[in-house]
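Trainee: Please read through the structure below; I'll follow up with questions.
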Amino acid sequence: MSKLKFVRHPHPSTTPADKRAAMLANPGFGRVFSDHMVTIRYSEGKGWHDARIEPRRPIEMDPASAVLHYAQEVFEGLKAYRTADGATMFRPRENARRFQQSAERLAMPTLPEEDFLEAIDQLVSIDRDWIPDGDGSLYVRPFMFANEIFLGVKPSSEYLFIVIASSVGSYFKSGADAVAVWVSQEYTRAAPGGTGAAKCGGNYAASLLAQAEATRHGCDQVVFLDAVERKWVEELGGMNVFFVFNDGSMSTPPLGGTILPGITRSSLITLAKDKGIAVREERYSFDQWKGDAHSGKLREAFACGTAAVVTPIGTVRAPEGEFKIGNGGSGARTEELKTALVDIQRSRAPDPHNWVHRVF
Ligand SMILES: Cc1ncc(COP(=O)(O)O)c(C=O)c1O
């Protein structure tokens, strides 16, 4: 139970049903927003306080707010799904925990798990009508930033936690098809001792130039190699990666502080093990990737994350050339794991690990 008292100020004129239906018809990703938001304030001395559910609106900030200068900001992303009698979310406590870990790395106060969960439950509950039917979902975005008005470089003494929600369809424009990825040789995402394992805005700012380079080369996502040897595959700009081999086994890069510990990644490892599939958390180099794709040892590769779910990787492109994985489309193992995951997320299959959280 959250110790905070969440005060509700419902929107006086929510979006009319017909207008909302038109917005939900083809929402894309991250452009359609629900009617409300949750805010919680933090200040040194007072701690977390002033929790509200209120109409979504612009926030006023002083130009000297710390986040605008030193990027002290962390965020999360998870999806809510429509059910016959309400809504569900997938493993939200894992997001609450990762949010705390990200906050610690950025020298920010940690929001108690129960307050995080209450905040997202409240928003999904009040904006349930914004969950699209069919394959869509409501992407819930909790975030927190430093808003002390001070230009000195130090941890802020004040923070604002906010949750907004966006009705979404497929993340990639290409829908369910296999994506092409660009292996960045010039840029890295995270170095040992850095913030790679934290979900902080700065990591994404630093990835944008590499992502733009990927787009310029006709690719959907950038793949980052490790920052020390520039050799080992780490992860994509916004997702983790798995490899499927011809002996039926799978591998994924190990968590070591430089990649984001994805909740989808951890769920897929569990589901694969449930099915008796051998999964190794093991380093895999770009040269191995290329060699195994050519020899046929590597059968499939896929990206995974909340936004992308499970997306097959068909083509790998780098400055020296490109190669295809399998037939360049999706593979049987990728589809099998995707179905197993999505069926649990959407309450179409039993939930043996108790991952599905109900919102009423
Ligand atoms: C850099 C990065 N890696 C991996 C992931 C996948 O994490 P999750 O499965 O928890 O969404 C994300 C998305 O949140 C991400 O931004």
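Trainee: Would you mind calculating the relative contact order of the range 209-360 from Cα pairs under 8 angstrom and at least 6 residues apart, reporting the percent as a whole number?
Mentor: This gives 19 percent for the range 209-360.
Trainee: Once Lys and Arg get +1 and Asp and Glu get -1 on their Cβ, which of Ser266, Thr315, Phe286 lies farthest toward the positive end of the dipole of the range 216-347?
Mentor: It is Thr315.
Trainee: Is it possible to state the helix-based mean residue ellipticity at 222 nm for the chain, with each DSSP H run of 4+ residues giving -39500 (n - 2.57), the sum divided by total residues, to the nearest 500 deg cm²/dmol? What is it?
Mentor: Computed mean residue ellipticity for the chain: -8000 deg cm²/dmol.
Trainee: Once you order the gyration tensor axes a ≥ b ≥ c over the Cα atoms, which shape class does the range 158-276 get: rounded for a/c under 1.5, otherwise prolate or oblate by comparing a/b with b/c?
Mentor: Note, shape of the range 158-276 comes out rounded.
Trainee: Hey, another quick one. For a test of the definition: using alpha carbon positions, the gyration tensor, and the 1.5 limit on a/c, classify the range 161-212 as rounded, prolate or oblate.
Mentor: Oblate, since a/c reaches 1.5 and b/c is not below a/b.
Trainee: Sticking with this one: Determine one quarter of the surface area of the Cα convex hull of the range 18-159, which equals its mean projected area, and express it in nm² to one decimal.
Mentor: 9.4 nm²
Trainee: Ser13 versus Arg56, label points 7 Å from Cα toward the beta carbon: distance in nm?
Mentor: 1.8 nm
Trainee: Between 0 and 90 degrees, rounded to the nearest ten: what's the tilt of helix 263-274 against the longest Cα principal axis of the chain?
Mentor: 50 degrees
Trainee: Here's a follow-up. Using only Cα atoms, locate the centre of the range 56-133 and the centre of the range 334-357, then give the distance between them in Å, rounded to an integer.
Mentor: Here the two parts' Cα centres lie 23 Å apart.
Trainee: Then there is this: What lysines could a cross-link reach from Lys338, if we take a straight Cα to Cα line under 26 Å and drop same-chain neighbours fewer than 8 places away?
Mentor: Reachable lysines: Lys79, Lys173, Lys199, Lys273, Lys275, Lys290, Lys297, Lys324.
Trainee: Rounded to the nearest 20 Debye, what is the dipole magnitude of the chain about its Cα centre when Lys and Arg each give +1 and Asp and Glu each give -1 at the C-beta?
Mentor: 280 debye
Trainee: Helix 201-216 against the longest principal axis of the chain: what's the angle in degrees, Cα atoms only, rounded to the nearest 10?
Mentor: 40 degrees
Trainee: When only C-alpha pairs under 8 Å and at least 6 residues apart count, what is the relative contact order of the chain, in percent?
Mentor: Rounded, it is 18 percent for the chain.
Trainee: Please list the radius of gyration and Dmax for the chain, considering alpha-carbon atoms only, with Å as the unit.
Mentor: Just the Cα atoms of the chain yield Rg and Dmax of 20.8, 63 Å.
Trainee: I would also like to ask the following. Helix 113-126 versus the longest principal axis of the chain: what is the Cα-based angle in degrees, 0 to 90, to the nearest 10?
Mentor: 80 degrees
Trainee: Another question, then. Return Lys324, Lys5, Lys290 ranked ascending by Cβ neighbour count within 10 Å, so the fewest neighbours appear first.
Mentor: The most exposed by this proxy come first: Lys5, Lys324, Lys290.
FYI, it's all coordinate maths here, none of it is from the lab. This one's a predicted model, so the numbers in the text were calculated from it and none came from an experiment. As a convention, Cβ positions derive from the backbone with ideal geometry for all residues, glycine included, and neighbour counts pool all protein chains shown.
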